[in-house]
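Report on one structure; see the data block that follows.
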Amino acid sequence: MGGLVPPIFFWRDAHTLSNLRVHLSLLPGSTYTRAERVRSAQAEREEIVDAIAQGDGDRAERAARLHISEGFRIRLKMLAEGSDD
């Protein structure tokens, strides 16, 4: 394929993101209402972008997984507290 990603992957990814948005819209509030999350998420996204720019797929995947798990951790904390900031 010469380094090109087949269009089916773009469709699948777009579909996955759309599905995620629908599910997240059912939850109250946003993890980004927490100052701690705003700071940590920015650093996490910068790590993902840097890893991609350096061509380090393994590092990018680890950083992406950390980003998702941290958001999930804070979301669970919000739900446990009954917070819908």
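The values are calculated or read from the model by the stated rules, or taken from the named source; none is laboratory data. It should be emphasised that the depicted structure is a prediction, and the values quoted were computed from it without experimental measurement. Backbone-built Cβ (ideal geometry, glycine too); neighbour counts: all protein chains shown. These accessible areas exclude ligands, DNA and RNA; they are computed on the full protein's heavy atoms, side chains included. Shrake-Rupley method; radii C 1.70, N 1.55, O 1.52, S 1.80 Å.
Determine whether residue 52 is modelled with pLDDT of 70 or more, part of a helix (DSSP H, G or I) and open to solvent by 90 Å² or more (accessible area, probe 1.4 Å).
Yes: the conditions hold for residue 52.
Please go through region 25-49 and pick out each residue that is modelled with pLDDT under 85 and open to solvent by less than 90 Å² (accessible area, probe 1.4 Å).
25, 27, 28, 29, 30, 31, 33, 34, 35, 36
In this structure, does residue 14 turn out to be of a type in the set (A, V, I, L, M) and modelled with pLDDT of 80 or more?
no
Could you give every pair whose Cβ atoms fall below 6 Å, whose first residue belongs to region 37-63 and is over 23 Å from residue 78 (Cα atoms), and whose second residue is assigned to a helix (DSSP H, G or I) and basic (Lys, Arg), counting only separations of at least 6 or pairs across chains?
Cβ pairs passing all conditions: 51/59.
Starting from residues that are among the charged types (D, E, K, R) and in contact (Cβ under 8 Å) with a residue 40 or more places away in the chain, keep the ones in region 64-85 and report whichever is surrounded by the most Cβ atoms within 10 Å (Cβ to Cβ).
Among them, the one singled out is 75.
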